[in-house]
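S.K.: Please read through the structure below; I'll follow up with questions.
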Amino acid sequence: MSENVETNYSQRLSLAGRGVVVLGTGAGIGGQVCRAIADAGGRVLAVDLSADAAQATADAVGGIAMSADVTDRDQVAAVFDRAEAEFGDAFYGIVDVVGATVPEMLADSTAESYDKQFDLVLRHAVYVTQLGLPRLAARGRGSAVFIGSLAGVAQTRRLGLYGAAKAAEHHLAKAAAAEFGPAGVRVNGIVTGRILASGGDPNPDTSVLETVTRAIPLRRTGFPDDIAAVTLFLLSDLAGYVTGVELPVDGGISMVTPLPSTQPANRQQ
Ligand SMILES: NC(=O)c1ccc[n+]([C@@H]2O[C@H](COP(=O)([O-])OP(=O)(O)OC[C@H]3O[C@@H](n4cnc5c(N)ncnc54)[C@H](O)[C@@H]3O)[C@@H](O)[C@H]2O)c1
């Protein structure tokens, strides 16, 4: 086998000696992403609007806490200044988890709801590409992951603006992958399906939840660790030849149609 072939796969999963900035490190997906990075030996700079959330996660994973509003460009610049100060040339990764829905029908949406929705989903992602990725590129290596959404690839009722912003975030990840690839920086997105975070399901109606679960090929909703595990893979050298993908982590829901079968009942497939 050629000397260039690296067959130590468990070693390739390791993030030992590498620093990763995680934006949005609350109890849901972001907290688990931090745990996964720490489990793989990486050091986390846990950033959240809530100083308490950032601190709790940093304490749990032996990382560094920082409070910042990532919709503010200067504060995002301060995050990456801090990452360089803490990690130096070990600064290796960025995971952007921040995002939330402002649910409403398009006909009811306003200039204010547009600003709020796009700030919550897209503005910080753009700042990551402007202020974070160039610093990884300067080191000649790195990996970034954007936590996107199924709503960004398939329309979900009352999530038109959210889906539009997530679709833009998915595209931004691909554009960044093309732009920063030659500098050794990989950029990928996750198409996140229905996740039950620790805050509980946004729709507590169990009959709705049962309907959702029946529609998912794997017959369960996801959990934050499902997203964290794939994020860790994409960050790591195991995914060293993977860039610019929108990887669905959704139990298979994005590849099935909701249309009923038109095949005659007596016809065997
Ligand atoms: N939970 C789901 O079912 C689901 C489905 C699809 C996509 N997603 C996406 O996954 C991501 C995480 O979702 P979650 O359910 O874990 O959300 P969450 O609300 O639990 O976590 C988001 C974190 O971001 C922080 N945050 C919010 N605004 C911020 C700001 N301006 N600056 C810094 N931090 C800020 C919050 O304090 C919170 O800790 C989001 O991008 C969301 O759109 C979630």
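S.K.: Under the Karplus relation 6.51 cos²θ - 1.76 cosθ + 1.60, θ = phi - 60°, what is the ordered set of whole-Hz ³J(HN,Hα) values for the range 208-225, x standing for Gly and Pro?
M.R.: My calculation for the range 208-225 gives 5, 4, 5, 4, 4, 5, 5, 7, 8, x, 7, 6, 7, 6, x, 10, x, 5 Hz in order.
S.K.: Say the dipole of the range 12-250 comes from +1 at the beta carbon of Lys and Arg and -1 at that of Asp and Glu; which of Leu159, Gly30, Val191 then lies farthest toward its positive end?
M.R.: Val191
S.K.: Place a +1 charge on the Cβ of each Lys and Arg in the range 72-186 and a -1 charge on the Cβ of each Asp and Glu, then give the dipole magnitude about the Cα centre in debye, rounded to the nearest 20.
M.R.: Charge dipole of the range 72-186: 440 debye, to the nearest 20.
S.K.: Follow-up question, since we're still on this one. Hey, what's the Kirkwood Rh for the range 1-73 if you take every pair of different alpha carbons, in angstrom?
M.R.: 13.0
S.K.: In the chain, what percent of the accessible surface is made up of carbon and sulfur (1.4 Å probe, ligands and nucleic acids excluded)?
M.R.: On the way: 7170 of 13380 Å².
Carbon and sulfur: 54 percent of the exposed surface of the chain.
S.K.: Taking the highest mean first, how do the peptides 107-118, 86-97 order by number of other beta carbon atoms within 10 angstrom per residue?
M.R.: Values: 107-118: 13.1, 86-97: 22.2.
Per-residue Cβ counts within 10 Å, averaged per peptide and sorted highest first, yield 86-97, 107-118.
S.K.: Now, a different point. Of all DSSP beta bridges in the range 5-117, what percent run antiparallel (nearest 5)?
M.R.: 0
S.K.: Diagonalise the Cα gyration tensor of the range 131-262 and give the resulting equivalent ellipsoid semi-axes, square root of 5 times each eigenvalue, largest first, whole Å.
M.R.: For the range 131-262, the ellipsoid semi-axes come out as 31, 15, 14 Å.
S.K.: If amide H atoms are built 1.01 Å from N in the plane of the peptide, which residues on other chains or at least 5 residues away come under 5 Å of the amide H of Ala144?
M.R.: Placed amide hydrogens put Ile94, Arg186, Val187, Asn188 under 5 Å from Ala144.
S.K.: Where does each of 9-16, 188-195 land if you order them by average Cβ count within 10 Å, highest first?
M.R.: Going by the mean number of other Cβ atoms within 10 Å, highest first, we get 188-195, 9-16.
S.K.: With a Förster radius of 35 Å, plug the Cβ-Cβ distance of Ala111 and Arg12 into 1/(1 + (r/R0)^6) and report the FRET value to the nearest 0.05. Don't jump to the answer; show the numbers that get you there.
M.R.: Details: r = 48 Å, r/R0 = 1.36.
FRET efficiency, Ala111 to Arg12: 0.15.
S.K.: Ok, one more. For the range 67-154, what are Rg and Dmax over the alpha carbons, in angstrom?
M.R.: Over the range 67-154's Cα set, Rg and Dmax evaluate to 15.1, 49 Å.
S.K.: Let me ask something else. I'd like to compare 131-138, 150-157: which one has the highest average count of other Cβ atoms within 10 Å, and what's the full order after that?
M.R.: Descending mean neighbour count gives 131-138, 150-157.
S.K.: With axes computed from alpha carbons, what is the tilt in degrees of helix 29-39 against the longest principal axis of the chain, rounded to the nearest 10 within 0 to 90?
M.R.: Here the helix axis deviates by roughly 50 degrees.
S.K.: Pairs of Cα atoms under 8 Å, at least six residues apart: use those to get the relative contact order of the chain, whole percent.
M.R.: 19
S.K.: Still on this structure, I have one more. To the nearest whole percent, what portion of all C-alpha pairs in the chain is separated by more than 22 angstrom? Don't skip to the answer; put the middle values down first.
M.R.: On the way: 20483 of 36046 pairs.
The proportion of pairs with Cα distances above 22 Å equals 57 percent.
S.K.: Per residue, how many Å² of accessible area does the range 7-151 show with a 1.4 Å probe?
M.R.: On a per-residue basis, the range 7-151 sits at 41 Å².
S.K.: Suppose every K and R has +1 on its Cβ and every D and E has -1 on its Cβ; what is the size of the dipole of the chain about the Cα centre, in Debye to the nearest 20? All intermediate terms of the calculation are to be shown ahead of the outcome.
M.R.: On the way: 21 positive and 29 negative charges, 166 e Å.
Charge dipole of the chain: 800 debye, to the nearest 20.
S.K.: Select from Ala178, Tyr127, Gln117 the residue farthest towards the positive end of the dipole of the range 84-208; place +1 on Cβ of Lys and Arg, -1 on Cβ of Asp and Glu, and compute about the Cα centre.
M.R.: Highest projection toward the positive end goes to Ala178.
The values are calculated or read from the model by the stated rules, or taken from the named source; none is laboratory data. In this text the structure is predicted, and so the values were computed from the model without any measurement. Neighbour counts are summed over all protein chains in view; Cβ atoms, including those assigned to glycine, are modelled from backbone coordinates with ideal geometry. These accessible areas exclude ligands, DNA and RNA; they are computed on the full protein's heavy atoms, side chains included. Shrake-Rupley method; radii C 1.70, N 1.55, O 1.52, S 1.80 Å.
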